[in-house]
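Comments concern the structure below.
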Amino acid sequence: MTCSGSQFSKVAAGAAMLALLLAGCPSARRAPPAQTPMPATLPAGLAPPAPGATRHVIGAGDSLIAFIVLRGGTLAAFGHNHVIAARSMAGVIDVQEPLTSSRFELHLPVAGFTVDEPQLRAGRGPGFESVVPDAARDGTRRNMLGADLLDAAQFPEIVVRAVSLEGGPRDFAARLAIEVRGTRHTIVVPVRLLRLSAALVQVSARFPVDQTALGLTPFTAMLGALRVEDTLTVEVALTARRVP
């Protein structure tokens, strides 16, 4: 069986979308800010900080979550590796002593996700050298937000909450509750929490996560000859400023 280039483009687009469902966490690699700065906002219905905690609001203009999606299979050369980015976000980091008592909550509107921004692909090495055409990026994004994948119409956001922190003083194991398409999953990931000043906090991390660990089925086509790898890399870099 043979497929045209356009068919392969559609397959690659669908692969990237399905991988998107993996919304996870942070990265020490800090990407360029969005061209248009976005004001920090608070999620609707956010609970007040615990007694003794200081609330810091996450700034969308200088924060980023990226999902690194890798192609696989014997026909992988016909697909693309992808970088899915979340810049639009609302959330807080509530800092408390000891730092293991700190918590954060982050809301990611999936309609704000971008696909393969050239500056986010640059410098990632083999498999990311090419610039993905606008038509392919647009198609990938449409599929990603459609009913078969993120279903943005029914589930407009992904929510990440830190349930607990262990370790310190800078490097922690964070137990995260992640809500994707209305279903909650819990994973434990490494994060770094830095108090740069009394008013400025950063959270960063870079770690792998399996789609199957979140109850997702990795995309495959042609009996697995073209597929999305189960393991994705999640990168997050969050900057938060203390509420006056």
Item to complete: Looking only at segment 48-64, decide whether some residue is at pLDDT 85 or above and over 26 Å from residue 170 (Cβ atoms).
Response: yes
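If you go through segment 174-203, how many residues are free of Cβ contacts under 8 Å to residues at least 40 places away in the same chain and within 21 Å of residue 54 (Cα to Cα)? It would help to see each step written out before you state the result.
The first filter runs over segment 174-203 and keeps only residues free of Cβ contacts under 8 Å to residues at least 40 places away in the same chain, leaving 175, 177, 179, 182-186, 188, 190, 194, 196-197, 202.
Still in the running and within 21 Å of residue 54 (Cα to Cα): 175, 194, 196-197, 202.
Matching residues across segment 174-203 total 5.
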Discussion item. I'd like to know if segment 193-200 contains one or more residues that are more than 18 Å from residue 233 (Cβ to Cβ), in a strand (DSSP E or B) and touching a Pro at 6+ places or on another chain (Cβ under 7 Å).
Written reply: no
Practice prompt. Kindly list, by first and then second residue, each pair from a residue in segment 219-241 that is over 26 Å from residue 205 (Cα atoms) to a residue that is in a loop (DSSP other than H, G, I, E, B) and modelled with pLDDT of 75 or more, limited to pairs with Cβ atoms under 7 Å and residues at least 6 apart or on different chains.
Written response: none
Fill in: Check on residue 74, part of a loop (DSSP other than H, G, I, E, B) and touching a residue at least 24 places away in the same chain (Cβ under 8 Å)
yes
Discussion item. Being surrounded by 14 or more Cβ atoms within 10 Å (Cβ to Cβ), over 15 Å from the mean Cα position of the chain (by Cα) and within 16 Å of residue 231 (Cα to Cα) is the filter here; which residues of segment 195-213 pass it?
Written reply: 213
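The values are calculated or read from the model by the stated rules, or taken from the named source; none is laboratory data. Everything numeric here is computed off the predicted structure, so don't read it as measured data. Glycine also receives a Cβ, built like all others from the backbone with ideal geometry; neighbour counts cover every protein chain displayed.
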